[in-house]
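Please treat every number below as a calculation from the coordinates, not as lab data. All of these numbers come straight from a predicted model, not from anything done at the bench. Glycine gets a Cβ as well: all are built from the backbone with ideal geometry, and neighbour counts include every protein chain shown.
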Amino acid sequence: MSTTLTMDKQSIMAKSREEIAQKLPEGKWSEKQKVALTCRILFAQGHDSGLAGQITACDKHSGEYFTQPFGYGFDEITTDNLLKVNKDLEVVEGDGMPNPANRFHSWIYKARPDVGCIIHTHPPHVSALSMLERPLKISHMDTCMLYDDVAFLAKWPGVPVGNEEGEIISGILGGKRAALLCHHGLVVAGRTIEEACMLAIQCERAAKLQLLAEAAGEIKEINPELAKEAHDWILQDKRSKAGFAYYARRTQKEYDFTV
């Protein structure tokens with residue numbers, strides 16, 4: 001009789017990956033509903049900053065994307081008030097106008113055909129690090145989904161409503177999934193809405209952990225090989241979807257809303 005207690009780690013991980021792909025629960029929402037849920041989830045996680053910040057999800061066939069209307073907070077977003085805009089920020093569906101800063105999203109989508117969702121927020125701990133002009137340090141297992149995957153823009157280019165800022169931000173992001181923007185905030189580029197949402201939550205948590213740790217002493221480096229292993233393990237697609245579904249249930253229960 002075989003037993004997993006005699007299996008090596010890589011074999012166990014491979015077996016677990018198959019089970020995760022088949023058995024982890026995920027929500028059954030439309031893309032539009034997931035954008036609205038992401039707005040609500042990130043509001044609950046402290047990512048709101050008045051009217052600042054944008055969340056977009058791109059239709060890769062048309063190049064158009066869903067986003068919230070300018071003038072609404074993350075906690076007010078539903079599928080009924082979301083907009084669909086084109087790369088020039090012209091509204092093709094819905095009423096209102098997008099945030100003019102959405103322009104740099106168009107630049108990222110243009111440069112990164114792998115990206116399906118972009119999140120830009122000004123959460124407090126990421127923003128605090130940005131004021132110190134410090135890059136994000138990843139040295140904890142939970143935040144390893146970000147390991148070697150967060151770029152750093154050391155110079156603030158000003159309000160990101162021009163094409164110049166779009167070129168700068170998309171350029172510094174490169175092929176990574178996130179970037180810390182000095183004197184500004186966070187940008188995340190995920191393959192899916194679920195992945196982007198989970199990355200945004202962990203970026204803010206990583207910044208909070210970093211500030212706590214640096215207040216107590218020097219942060220020690222994590223083993224690169226093990227960090228990369230954890231990065232790939234945590235960023236499994238089904239795991240991101242299950243995590244998103246958990247935060248959606250939690251947020252809907254806490255705030256009693258429907259999308």
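Okay, here's what the table says:
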| item | result |
| --- | --- |
| Rg/Rh ratio calculated on Cα atoms of region 115-259 (Kirkwood radius) | 0.97 |
| Cut-off under 5 Å, modelled amide H: who pairs with A178 long-range | A151, A189 |
| CD proxy at 222 nm, helix term only [per DSSP H run n ≥ 4: -39500 (n - 2.57); per residue of the chain; nearest 500] | -14000 deg cm²/dmol |
| The chain - charge dipole about Cα centre, Lys and Arg +1 at Cβ, Asp and Glu -1, debye rounded to 20 | 500 |
| Length released on extending from E93 to E229, taking residue separation times 0.36 nm less the Cα-Cα span | 44.8 nm |
| Kirkwood Rh and Cα Rg combined as Rg over Rh, evaluated for region 34-189 | 0.94 |
| Rough spin-label spacing in nm, given labels placed 7 Å along Cα→Cβ, for R249 and A213 | 3.0 |
| Whole-number percent relative contact order across region 158-259, with pairs defined as alpha carbons under 8 Å at least 6 apart | 19 |
| GNM top mover of E31, E64, E164 - the chain, alpha-carbon springs below 10 Å | E164 |
| GNM result for the chain, Cα springs below 10 Å: residue of G116, G171, G158 fluctuating most strongly | G158 |
| Relative contact order (%) - region 177-234, alpha-carbon pairs under 8 angstrom, separation at least six | 17 |
| Net +/- balance of residues flanking P69 in space, Cβ distance below 12 Å, scoring K and R +1, D and E -1 | -3 |
